[in-house]
Structures are given as structure tokens and as C-alpha cells.
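Okay, structure first, notes after.
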Amino acid sequence: MKNFIGVMQGRLLPKYLDQYQAHPVRYWAKEFTLAKRIGLDCIEFILDYSESESNPLLSHEGIFKIQRVIDDTGIAIKTICADYFMEQPLHSTDKEVVERSIGVLKKLLVASEQLGVTDIVIPCVDQSSLTNEVDKERFVFVIRSVVEDIESKNINLSLETDLPPKAFKKLLDQLNFKNITVNYDIGNSASLGFDSEEELDSYGHKISDVHIKDRILDGGSVVLGEGNADFERFFKKLEQFEYAGPFIMQAYRDNEGVSIFKKQLDWISQYLE
């Protein structure tokens, strides 16, 4: 079966409030038409903490509007990038934050079930990194508390972390449930200096969502092919796991989006065919 090829929300549109990655509150629906013209299959929807009350994922009316746009364009939403939890971590030391974030996650599960979403990406990077064993213990405790919900709806919590391969595998072993999976970001791993073969040997069978990006070692995002990501090595290794999830273009962007996106989509297509 052909993998879905998609784009991280907002990459085809002018920057929203000059942010590199954000849910474009007032004009998000326009991107579905652009994605259709380009020939994509899906968009990875974003839930930010900022202006979350305006995100259509969190209301019945909003979910209805999203479904109508999906029906009109044929562009699916298979994955949600829950950047909300970067600022309101599920493993926060503040109990009120944790309770609120669990409530938001449960709303996302309802929306996901209605929209046909397979994966909710939970980012544990940057300010939401799992920096010590106590963080990890709190995170494991919270995730275990929602396993029954995700299993009943058959929706994956796809974890994105900046942990080295062995440490990430240890965390996954503690969360050994079918619907706890891995979001793999090619560029972030390159920036951290990780070995993609070691990573995939550790948890390649658990990957359910792939973000396509290129970054410089210890640095920022660059045009695909100009950074430290070894795409050929990664994709060759990935073949061993019969990966069936989507490939989401989260590649370098400029202020507008479409032209630089097409250039990079053409470049990466050699690995996606």
C-alpha cells in the first residue's frame, strides 16, 4: 500500500503571526485546496497552546467544519501534532497543568475518532523534554492512565522525544502497549547527532509517523539535502520494517511556503517512490 504523503499544517501558507510553525487560525482551510493542487494526500493538523480555544479540533462545530473541508477536497487528516503539550507538558510538576492537559488530550481523542485520525503526536522535546528519571516516571504514569481510552478508539499516541536510542527504547519498554508508538523526525535526529540505523534497530517497528526535515548538527532547519540528515541511509533501513504510516513534510520554510515546498517535495520524491 502506498504511504500517504502530507505536509505539516501551515507550510503551504504565509506564516501565521510570523511564527515558523503554528495553526493558522483564520485561514487554515485554504491549505487543503493548495495541498490538493500539489497532489498531496494529507495534512498534519496542529494544536497549539496559544489560541487553542480557537482551534477547530476542540469544538463540535470546528470538527464539523474540518470534516466538511476534508470532504470537499479529499485531503485527509491522519495525524495531529499536539504542540500544545510542549508548553503544557503531560509530565508537568503542576497538577493543574497535568489535569488540564489530560482533558485536552481526551478532547483530541474524540476529534480523532470522528475525523479518522490514526496518530496524535506527543512532543517531548525542547521545553517539554524528559530531562531526568522523575520526568520519565511522571510521563509514564500519565500515559498509562489514558491507555484504555486510546486502545478503545484505536488511536496511537506517537511519541517524539530527544532521548538517545537506548533511553527512548527503555521508555517504550515501560509503555509496552500497541497504541504507544514513535514519531520519527529525520532532521531532529540529525541535529542531535543520532545514528538512524541504531535508532531504527531500537524501535523501527514502533514508528507510525515520519517527519521529513533536514537540519545541521546542533543547528536549525535547512533545505532538504543541505544538512546532516542521511536520507539514503534512513530510507534504506526503514524498508526493513514495512512502514505503512504517512510521510509528513516538515521541511524548511520561508515566509510564503509553496515554492520552496515544491522544490523540496521534488527532491525527496526519489526516496518516497
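The values are calculated or read from the model by the stated rules, or taken from the named source; none is laboratory data. A quick note: this is a predicted structure, and the numbers were derived from the prediction, not measured. Cβ: placed from backbone, ideal geometry, glycine included. Neighbour counts: every protein chain shown.
For Leu115, state whether it is in contact with an Asp or Glu (Cβ under 9 Å, 6 or more places away or on another chain) and of a type in the set (A, V, I, L, M). No: the conditions fail for Leu115. Tell me the residue from Asp119, Asp162, Asp83, Asp126 that is within 16 Å of the chain's Cα centre (by Cα) and on the phi > 0 side of the Ramachandran plot, please. None of the other options fit; the residue is Asp126. I want to confirm something. Restricting to segment 200-216 and keeping residues that are in a helix (DSSP H, G or I) and either basic (Lys, Arg) or out of contact with any strand residue (DSSP E or B) (no Cβ under 8 Å at 6 or more places or on another chain) (or both), which single residue is surrounded by the most Cβ atoms within 10 Å (Cβ to Cβ)? Per the stated criteria, the residue is Lys206.
Among the residues of this structure, Gly193 does not count as one that is surrounded by fewer than 19 Cβ atoms within 10 Å (Cβ to Cβ), more than 17 Å from the chain's Cα centre (by Cα) and within 18 Å of Tyr20 (Cα to Cα). Suppose the filter is surrounded by fewer than 16 Cβ atoms within 10 Å (Cβ to Cβ), out of contact with any strand residue (DSSP E or B) (no Cβ under 8 Å at 6 or more places or on another chain) and among the small types (Gly, Ala, Ser); does Gly225 pass it? Judged against the criteria, Gly225 is not a match. Within the set Asp173, Asp254, the sole residue that is surrounded by fewer than 19 Cβ atoms within 10 Å (Cβ to Cβ), modelled with pLDDT under 95 and either assigned to a helix (DSSP H, G or I) or not polar (S, T, N, Q) (or both) turns out to be Asp254.
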